[in-house]
Amino acid sequence: MRRKVVDSGSRIELDENDFPRHFYNILPDLPEPLPPFLNPATGEPVKPEMLEPLFCKELIRQEVSDERFLKIPEELRELFLKIGRPRPLCRATRLEKHLGLPGNVRIFYKREDLSPVGSHKPNTAISQAYYASKSGTEKLTTETGAGQWGSSLAMACAFMGMKCVVYMVRVSYEQKPYRKFLMRLFGADVYSSPSETTGIGKKIREQMPDTPGSLGIAISEAIEVAAKDEKANYSLGSVLNHVLTHQSVIGLETQKQLASIGEAPDVVIGCVGGGSNFAGLAYPFVRDKLTKGKECEFIAVEPRVVPSMTRGEYRYDFGDTGKLTPLIKMYTLGCDFIPPSIHAGGLRYHGCAPTLSLLVNKGIVKAKTYGQKETFEAGRMFARTEGIIPAPETNFAVKAAIDEALRAKKSGEGRTIVFNFSGHGLLDLQGYQDVLGV
């Protein structure tokens, strides 16, 4: 059993017994009820049982639950420990020194890159695979952008003895070959999306033969395959409430770690594609703000070329390009939006998690955008000071944390800044070469 270790506040570890025994579900604490999913044919709210062709009953229950804390089964909890949870919270002391920050401006980052596949995604992957397997499901289908989610679900399905089928967005399939090799190593079938294996994929290839693909298209393909197989379920890597609920273990751990050194965050930061890693870190702290009045700022960072929260509309839209999902109220650029071929493939989604969209709309969470090159520059600075290479997606959070720290330095205000280091960039080195010429 590992001991709790606090090394002068620079690396804070938790004992295995400190790993949460419950997920945190934000639905009961939202400032107003979450708008329901709507049936696109009738405009009426979708009843939970109507989602059963895609998800197992337990995940549907979690999606709409009004319970604040959902117990983690002990067998699932053991799987979390197997993949290395709890994870360290580190202070970026060398980065702070490089930036010339005063002692009252501190930067902490949560090491989600230390999972077996190098990102935060296994937190929900093993949860979804566990619940699906217990329900009798034999196969899970999914989409993936940069491949962190696809590799996580492939690993989780291998643990549970299930088949995994992944539709990987074409531009990432070509940019990041080692991600697809990793998925196949775990036993998954991986297809470049749009593919020739689905009706939707064939249709889009005919209409747009040179399309780089999108998460919306890949979602449609995965849903089409799952809907036709009674032994299969669809699995989503972000956006939905049950996914964000599973990720809450990140923030719950971080709360304990900060409390152990007498710290509390002034700013919590995460990058956003669909919203899972941001919500995983931030939502337990959002609860403290909403229910206990604790002061804290929340910054959700997205690419300037995929600005769903900052330039999209808050309205009902489909979650996929093929219009197979219910209508979801969220910030969206439109389900037909095809994003540019940036290296942050996990952030190329047209929409945003409904719960996060509501929080942004109410001003509780602030959305911010950056361009690709400036975030890669921030990633290079982080690598040269902290010795860890961030994923292209994570670079957006790194850039925002640096900017917030420099702003505090200039104003003379003390700030404790916490961000989610959501994944490493060791399989994304081509992106650094393409953008920075390293």
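For the reader, a short list of remarks on this structure follows.
- Residue check for residue 103: surrounded by fewer than 24 Cβ atoms within 10 Å (Cβ to Cβ) and free of Cβ contacts under 8 Å to residues at least 12 places away in the same chain: yes
- The range 380-403: number of residues that are in contact with a Gly (Cβ under 7 Å, 6 or more places away or on another chain) and either surrounded by fewer than 20 Cβ atoms within 10 Å (Cβ to Cβ) or more than 17 Å from residue 348 (Cα to Cα) (or both): 3
- Of all the criteria given as (1) touching a residue at least 40 places away in the same chain (Cβ under 8 Å); (2) within 22 Å of residue 146 (Cα to Cα); (3) touching a Gly at 6+ places or on another chain (Cβ under 8 Å); (4) not acidic (Asp, Glu), the one not satisfied by residue 333 is (1).
- Filter result for residue 181 (in contact with a helix residue (DSSP H, G or I) (Cβ under 7 Å, 6 or more places away or on another chain) and among the aromatic types (Phe, Trp, Tyr)): no
- The one condition in (1) crowded, with 24+ Cβ neighbours inside 10 Å; (2) of a type outside the set (Lys, Arg); (3) within 22 Å of residue 53 (Cβ to Cβ) that residue 138 fails to fulfil: (1)
- Conditions (1) modelled with pLDDT under 95; (2) within 22 Å of residue 346 (Cα to Cα); number of the one not met by residue 251: (1)
- Listed by position, the strands (runs of 3 or more DSSP E) inside the range 306-417 whose residues that are farther than 21 Å from residue 281 by Cβ number at least 1 are 313-318, 327-332.
- Residue ID - modelled with the highest pLDDT, chosen from residues in the range 317-351 that are surrounded by fewer than 24 Cβ atoms within 10 Å (Cβ to Cβ) and among the small types (Gly, Ala, Ser): 334
- For the range 225-270, the tally of residues that are closer than 25 Å to residue 90 by Cα, in a loop (DSSP other than H, G, I, E, B) and among the acidic types (Asp, Glu) stands at 2.
- Residues of the range 254-269 that are more than 13 Å from the chain's Cα centre (by Cα) and crowded, with 24+ Cβ neighbours inside 10 Å: 254, 257, 265, 268.
- On inspection, residue 136 qualifies as out of contact with any helix residue (DSSP H, G or I) (no Cβ under 9 Å at 6 or more places or on another chain) and on the phi > 0 side of the Ramachandran plot.
- Matching residues, the range 30-50, being of a type outside the set (A, V, I, L, M, F, W, C), surrounded by 13 or more Cβ atoms within 10 Å (Cβ to Cβ), out of contact with any Phe, Trp or Tyr (no Cβ under 9 Å at 6 or more places or on another chain) and under 12 Å from residue 355 (Cα atoms): 36
The values are calculated or read from the model by the stated rules, or taken from the named source; none is laboratory data. The model shown is predicted, which means the values in this text are computed figures rather than measured ones. Quick reminder, even Gly has a Cβ in these numbers, built from the backbone with ideal geometry, and neighbours come from all protein chains shown.
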